[in-house]
1. Restricting attention to segment 102-129, report how many residues are under 19 Å from the mean Cα position of the chain (by Cα) and at pLDDT 95 or above.
2. With the requirement that a residue be touching a residue at least 40 places away in the same chain (Cβ under 8 Å) and part of a loop (DSSP other than H, G, I, E, B), what does segment 79-92 give you?
3. Got a number for residues in segment 121-166 being of a type in the set (D, E, K, R), within 24 Å of residue 189 (Cα to Cα) and assigned to a helix (DSSP H, G or I)?
4. Would a scan of segment 13-25 turn up a residue that is at pLDDT 95 or above, crowded, with 16+ Cβ neighbours inside 10 Å and out of contact with any strand residue (DSSP E or B) (no Cβ under 7 Å at 6 or more places or on another chain)?
5. Any idea which of 67, 117 is touching a strand residue (DSSP E or B) at 6+ places or on another chain (Cβ under 7 Å), more than 21 Å from residue 178 (Cβ to Cβ) and either open to solvent by 40 Å² or more (accessible area, probe 1.4 Å) or not in a loop (DSSP other than H, G, I, E, B) (or both)?
6. Going by the structure shown, is residue 74 open to solvent by less than 90 Å² (accessible area, probe 1.4 Å), touching a residue at least 40 places away in the same chain (Cβ under 8 Å) and touching a Leu at 6+ places or on another chain (Cβ under 7 Å)?
7. Look through segment 46-64, keep the residues that are in a helix (DSSP H, G or I) and over 28 Å from residue 126 (Cβ atoms), and return whichever of them is most open to solvent (accessible area, probe 1.4 Å).
8. Quick one: what pairs do we get from segment 93-120, first residue closer than 16 Å to residue 150 by Cβ, second open to solvent by 90 Å² or more (accessible area, probe 1.4 Å) and at pLDDT 95 or above, C-beta under 8 Å, 6+ apart or different chains?
Amino acid sequence: MPDSLKRPVDPSAHPLANQTYMVPTPAIATMYARVRQCIRRGVAGAVIYGHTRWGKTYAIRYCVRLLHLELPRAAILTIGMPRNPSRSEALFFGMLLEAARHERPDSGTALQRRLRLYHKLAELVERAAGNALIVFVDEAQRLELEHYEWLRDVQDELERRGARMFTFLVGQPGILNRKSSFRQSVDTSQIVSRFMVDELRFEGLPCCRRSENAPWRL
């Protein structure tokens with residue numbers, strides 16, 4: 001075969017074959033634009049909501065990949081909330097340590113894990129040579145009040161260390177009910193002012209919704 005006709009990528013390794021390609025639908029492009037706008041304007045927290053299986057997790061992956069390219073000096077963390085998450089402080093901080101790729105996420109007391117997380121996140125920010133940590137929380141409708149309070153502690157500690165934390169809560173529409181309930185109390189209204197300042201409805205596309213076991217094909 002002439003050199004001019006040789007494939008640049010082996011067919012078995014092609015993104016279309018192994019489904020590692022990522023395509024920005026209009027909804028994903030809108031979400032990314034809002035994320036960038038929040039960061040640019042200093043909005044510390046936003047809620048991005050949409051129905052299940054409309055591609056929100058895929059959209060997070062796309063945003064993270066593009067942010068790494070366009071904001072290389074920002075540290076980025078993605079957290080996926082499990083079903084029926086534990087309200088244990090030790091388990092929650094262990095989950096955050098694992099998301100931050102700490103080598104010992106499951107050892108130590110709650111306080112020890114908390115302190116290790118502070119150090120690890122500060123290290124990630126310093127390594128990126130910037131002063132920002134961008135956090136995406138997937139399935140954020142599963143967060144309970146305790147989880148928000150612990151995230152607030154993380155945000156406060158990073159600010160004491162000179163870093164800014166931007167949190168994007170991505171979940172199902174039920175998260176708006178949680179936001180409304182938080183607004184009703186003085187004790188919880190600060191959660192809204194920290195993590196739920198902005199809102200975006202993730203529209204999704206009917207042709208891009210997937211069945212239970214089908215991979216994404218755009």
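1. As a first pass, look at segment 102-129 and keep what is under 19 Å from the mean Cα position of the chain (by Cα): 102, 105, 117-118, 120-125, 128.
With the extra rule that they be at pLDDT 95 or above, the set shrinks to 102, 117-118, 120-125, 128.
Of the residues in segment 102-129, 10 are under 19 Å from the mean Cα position of the chain (by Cα) and at pLDDT 95 or above.
2. Let us first name the residues in segment 79-92 that are touching a residue at least 40 places away in the same chain (Cβ under 8 Å), namely 79-85, 87, 89, 92.
If the condition is that a residue be touching a residue at least 40 places away in the same chain (Cβ under 8 Å) and part of a loop (DSSP other than H, G, I, E, B), then 81, 82, 83, 84, 85, 87 are the ones that fit.
3. Initially, segment 121-166 is screened for residues of a type in the set (D, E, K, R), giving 123, 126-127, 138-139, 142, 144, 146, 149, 152-153, 156-157, 159-161, 164.
Now restrict to residues that are within 24 Å of residue 189 (Cα to Cα): 138-139, 142, 144, 146, 149, 152-153, 156-157, 159-160, 164.
Applying the additional criterion that residues be assigned to a helix (DSSP H, G or I) yields 142, 146, 149, 152-153, 156-157, 159-160.
Total meeting the criteria: 9.
4. Start the filter on segment 13-25 by keeping residues that are at pLDDT 95 or above, which leaves none.
Among the residues of segment 13-25, not one is at pLDDT 95 or above, crowded, with 16+ Cβ neighbours inside 10 Å and out of contact with any strand residue (DSSP E or B) (no Cβ under 7 Å at 6 or more places or on another chain), which makes the answer no.
5. Values: 117 fails: touching a strand residue (DSSP E or B) at 6+ places or on another chain (Cβ under 7 Å).
The match here is 67.
6. Details: open to solvent by less than 90 Å² (accessible area, probe 1.4 Å): yes; touching a residue at least 40 places away in the same chain (Cβ under 8 Å): yes; touching a Leu at 6+ places or on another chain (Cβ under 7 Å): yes.
Yes, satisfied.
7. Step one: of segment 46-64, the residues in a helix (DSSP H, G or I) are 56-64.
Now narrow it down to the ones that are over 28 Å from residue 126 (Cβ atoms): 56-59.
Numbers: 56: 17, 57: 66, 58: 16, 59: 0 Å².
Looking at the filtered set, the residue picked out is 57.
8. That search, which allows pairs on different chains as well, returns 105/98; 118/161.
The values are calculated or read from the model by the stated rules, or taken from the named source; none is laboratory data. Please read all numbers here as calculations on a predicted model, not as lab measurements. Using ideal geometry, Cβ is built from the backbone for each residue, glycine included, and neighbour counts are taken over all protein chains shown. Keep in mind that these areas ignore ligands, DNA and RNA; they rest on the heavy atoms of the full protein, side chains included. Shrake-Rupley method; radii C 1.70, N 1.55, O 1.52, S 1.80 Å.
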